[in-house]
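Enquirer: The structure is given below, and queries will be raised subsequently.
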């Protein structure tokens with residue numbers, strides 16, 4: 001089952017055969033009606049994103065990153081800018097290790113933090129290799145006067161139209177630079193934020209943002225003026241925090 005969740009996730013980010021969008025008749029309000037596989041977009045009770053309010057108790061969650069530099073592989077998949085990260089390292093949650101598959105961007109932020117919406121949000125997508133369990137790390141992007149040097153390496157190569165992944169052999173990035181120095185975060189059980197909205201995803205969203213310049217936000221929004229799903233109901237799910 002988890003294999004098919006990952007498969008659907010990959011298909012939903014394909015540059016061809018796009019059957020959903022962020023507005024109009026194929027927007028979020030109608031995702032659940034576009035095809036039967038999207039039923040959870042309407043009927044699911046553990047959907048993402050959410051407004052991250054105060055933690056509701058429970059065990060203090062753990063998280064640890066072990067990333068390494070890799071060559072930049074970037075694509076415009078028709079819904080966002082996505083950077084593929086094979087062999088980039090792992091995320092550890094408790095005793096389980098998850099491989100970093102890719103990261104991508106949304107504007108404005110999909111999650112809210114205590115009711116606050118940020119200009120952009122970054123999602124780092126991981127998979128546990130044995131079970132196929134997905135774990136996503138969310139990082140808020142806050143406007144600053146200076147450009148984010150790490151993101152600028154990616155922004156210099158933003159594909160202007162949808163197409164296949166492009167590998168830039170002379171550009172090296174390290175995903176470690178995407179992780180806030182203050183590692184306070186929220187954890188909850190949620191879903192993919194794109195069709196088919198499959199549930200069972202472990203979400204880890206940092207409380208504190210990283211910086212990005214207004215010019216960098218504007219450059220992304222020229223390609224994707226809005227690519228964020230609205231917040232969903234919490235439905236009494238617990239929110240943990242470290």
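The values are calculated or read from the model by the stated rules, or taken from the named source; none is laboratory data. All figures in this text were calculated on a predicted structure; none of them were measured in a lab. Glycine also receives a Cβ, built like all others from the backbone with ideal geometry; neighbour counts cover every protein chain displayed.
Enquirer: Answer with yes or no whether residue 131 is part of a helix (DSSP H, G or I) and at pLDDT 95 or above.
Expert: Judged against the criteria, residue 131 is not a match.
Enquirer: All but one of (1) surrounded by fewer than 22 Cβ atoms within 10 Å (Cβ to Cβ); (2) under 28 Å from residue 169 (Cα atoms) hold for residue 96; state the number of the condition that does not hold.
Expert: (2) is the only condition that residue 96 fails.
Enquirer: Being within 18 Å of the chain's Cα centre (by Cα), part of a strand (DSSP E or B) and either touching a residue at least 12 places away in the same chain (Cβ under 8 Å) or under 18 Å from residue 80 (Cβ atoms) (or both) is the requirement here; does residue 136 meet it?
Expert: Spelling it out, residue 136 is indeed within 18 Å of the chain's Cα centre (by Cα), part of a strand (DSSP E or B) and either touching a residue at least 12 places away in the same chain (Cβ under 8 Å) or under 18 Å from residue 80 (Cβ atoms) (or both).
Enquirer: Just one of (1) free of Cβ contacts under 8 Å to residues at least 40 places away in the same chain; (2) on the phi > 0 side of the Ramachandran plot; (3) in contact with a helix residue (DSSP H, G or I) (Cβ under 7 Å, 6 or more places away or on another chain) trips up residue 94, so point out which.
Expert: The failed condition is (3).
Enquirer: Would you check if residue 32 is under 19 Å from residue 221 (Cβ atoms) and either at pLDDT 95 or above or not in a loop (DSSP other than H, G, I, E, B) (or both)?
Expert: no
Enquirer: Output the residues belonging to the range 112-128 that are touching a strand residue (DSSP E or B) at 6+ places or on another chain (Cβ under 8 Å) and in a strand (DSSP E or B).
Expert: 112, 113, 120, 121, 122, 123, 124, 125, 126, 127 - these are the residues of the range 112-128 that are touching a strand residue (DSSP E or B) at 6+ places or on another chain (Cβ under 8 Å) and in a strand (DSSP E or B).
Enquirer: I've got another one for you. Could you please give the count of residues in the range 23-63 that are closer than 30 Å to residue 183 by Cα and surrounded by 15 or more Cβ atoms within 10 Å (Cβ to Cβ)?
Expert: 11
Enquirer: Name every residue in the range 108-117 that is under 18 Å from residue 217 (Cα atoms) and surrounded by fewer than 22 Cβ atoms within 10 Å (Cβ to Cβ), in order of residue number.
Expert: 108, 112, 116, 117
Enquirer: Restricting to the range 23-55, what's the tally of residues that are free of Cβ contacts under 8 Å to residues at least 24 places away in the same chain and touching a strand residue (DSSP E or B) at 6+ places or on another chain (Cβ under 9 Å)?
Expert: 0
Enquirer: Looking only at residues that are in a loop (DSSP other than H, G, I, E, B) and more than 16 Å from the chain's Cα centre (by Cα) in the range 79-93, which one is surrounded by the fewest Cβ atoms within 10 Å (Cβ to Cβ)?
Expert: Among those residues, the one meeting the criterion is 87.
Enquirer: Ok, one more. Mind checking which pairs have a first residue in the range 163-189 that is free of Cβ contacts under 8 Å to residues at least 60 places away in the same chain and a second that is part of a strand (DSSP E or B), Cβ under 6 Å, 6 or more apart or different chains?
Expert: Note: pairs meeting the criteria are 180/206; 180/210.
Enquirer: Out of 212, 202, 179, 239, report the one residue that is more than 25 Å from residue 26 (Cβ to Cβ), in contact with a helix residue (DSSP H, G or I) (Cβ under 7 Å, 6 or more places away or on another chain) and surrounded by 15 or more Cβ atoms within 10 Å (Cβ to Cβ).
Expert: The match here is 212.
Enquirer: Sticking with this one: Is it the case, given these coordinates, that residue 153 is under 18 Å from residue 76 (Cα atoms), surrounded by 15 or more Cβ atoms within 10 Å (Cβ to Cβ) and more than 18 Å from the chain's Cα centre (by Cα)?
Expert: When the stated conditions are applied, residue 153 passes them.
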